[in-house]
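The values are calculated or read from the model by the stated rules, or taken from the named source; none is laboratory data. Quick caveat, the model's predicted, so the values are computed rather than measured. Backbone-built Cβ (ideal geometry, glycine too); neighbour counts: all protein chains shown.
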Amino acid sequence: MAFGDKLRRLRDLPPPGGRAPDAPAPEPSSAVAVPEGEATDERSRVLAELRLKMSAILGRPAPSPPRADPSATCLPFACEERASGLMYRRLERLAPSHHVGRMPVDAAAAARGEILALLALDPALSAPRFERALFLDTETTGLGGAGVLPFLVGMCWFDEERRPHLEQLLARRPGDEPAMLERVRECVEAAEVIVTYNGKTFDWPLLATRCVMNRMPQLPERPHLDLLHVARRLHRARLGACRLVSLESAVLGFERGPDVEGKDVAARYAHFLRTGDESALEAVVSHNAWDVVSMAALVGLYGEPLELLPAEDLVGMARTFRRAGALARAEAVAEAALSRGGGAGARRVRAEIAKARGDKARALADLEAIVEEVDEPALRLELAKLYEHFVQEPLRALALVDRGTGESEAATERRRARLERKAQRERKARRG
């Protein structure tokens, strides 16, 4: 029977218990006598067929009922009862030999704060002990807005023996959020520094908002190392967009294997809330664990970086140290980059550092070595300035200006006119 015919058939059947109170009685000439029991059976059958048809149209099966007991779970969380509600917690003590690729996770506990402070361009990070760091990551129901919920919080921290612990908190229902936030507060209070990946922009403001929404005190303030900013300074020239999974592969030498895409996380949690299907969250839990443990491995790498980073990343490090004002350390890193085949990039950053230190002779030598190799107006401009003001050779500076220095037309004409005047005076002085 066609879908429309079934709807019309359902309309013609009397409801259970007889005719509806406001329904007109059928005319005797057209009424068909249907026994009440048969009409009820027929109505139920048609309704069942319609439900199956609607499920097929929507492209999904009818949802299975949620689990009656949320503590009966196949996910790796134990239920703990608190005054603020139920908390679902996973706690795993990682082995001392636990690595992410080539980096042991416990190396983060010995990371040198002064180096991390320079890489982050944040002097406040030089004081805390990274053995008391809290590595934190959230999985959420969206990317913005007051209604976004952090339903899974991953944390990594070290005990008194510097053994790493992986802790994850799951809100199986939105009502579990207060207990989860309470446990996050306890971990933050015990930490001296917070480490995230894009957490300054996303995770930390979100947790602060959720505390307000739940009428809870704000989380304690701690120095905050956002590894995304460090990664961009060190690896962007080599890797482009610095996704954490890309760093795991290209920097740590670790391949996750099958992983859930970040854009699918919220949909999986919504499916779990609707159906109780715990398998939807298994990959999300693994994804979150990889994220938070990889952060610890990166801190271990960045805390002692010279032996493990390739030349191109060392160029980014040297440039970051120069920005931080650590010129001697920047020069040492630039020399290491050159010795590992960093080429023009390493020589260029060494010239920048030499100029910042006032060593114009070193800057001149490095710029002369690369200006013919690299066709870049900015390099010619820097060398032209040294020819004009340091070695006082305006003719050589003019030659570079004629090749283009990237300045505006007006600035170029002013520079050319000034150099020509200086060159003319030089010629007169030689003739005289």
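Out of 239, 228, 247, I need the residue that is buried (at least 20 other Cβ atoms within 10 Å of the Cβ) and of a type outside the set (Val, Ile, Thr). Which one? Exactly one residue qualifies, and that residue is 247. Just one residue in the set 407, 368 is surrounded by 13 or more Cβ atoms within 10 Å (Cβ to Cβ), acidic (Asp, Glu) and outside any helix (DSSP H, G or I); that residue is 407.
The single condition among (1) part of a loop (DSSP other than H, G, I, E, B); (2) within 22 Å of residue 105 (Cβ to Cβ); (3) at pLDDT 95 or above; (4) in contact with a His (Cβ under 8 Å, 6 or more places away or on another chain) that residue 198 does not satisfy is (4).
No other residue among 183, 172, 210 is touching a Pro at 6+ places or on another chain (Cβ under 9 Å), of a type in the set (D, E, K, R), in contact (Cβ under 8 Å) with a residue 12 or more places away in the chain and outside any loop (DSSP other than H, G, I, E, B) apart from 210. Of all the listed residues (139, 192), the sole one being of a type in the set (Asp, Glu), touching a helix residue (DSSP H, G or I) at 6+ places or on another chain (Cβ under 9 Å) and buried (at least 21 other Cβ atoms within 10 Å of the Cβ) is 139. Listed by first and then second residue, the pairs with beta-carbon distance under 9 Å, at least 6 apart or on different chains, first residue in the stretch 411-424 and not assigned by TED's automatic domain parsing to the domain that holds residue 400, second aliphatic (A, V, I, L, M) and surrounded by 12 or more Cβ atoms within 10 Å (Cβ to Cβ), form an empty list.
If the condition is being closer than 19 Å to residue 111 by Cβ and either of a type outside the set (Phe, Trp, Tyr) or not assigned by TED's automatic domain parsing to the domain that holds residue 370 (or both), then the stretch 319-335 contributes 320, 324, 326, 329, 332, 333. If you check 166, 225, 219 for being in contact (Cβ under 8 Å) with a residue 60 or more places away in the chain, within 21 Å of residue 82 (Cβ to Cβ) and not in a helix (DSSP H, G or I), only one passes: 166. With the checklist (1) of a type in the set (Gly, Ala, Ser); (2) over 23 Å from the mean Cα position of the chain (by Cα); (3) modelled with pLDDT of 95 or more; (4) surrounded by fewer than 22 Cβ atoms within 10 Å (Cβ to Cβ) in hand, flag the one item residue 279 doesn't pass. Failed condition: (3).
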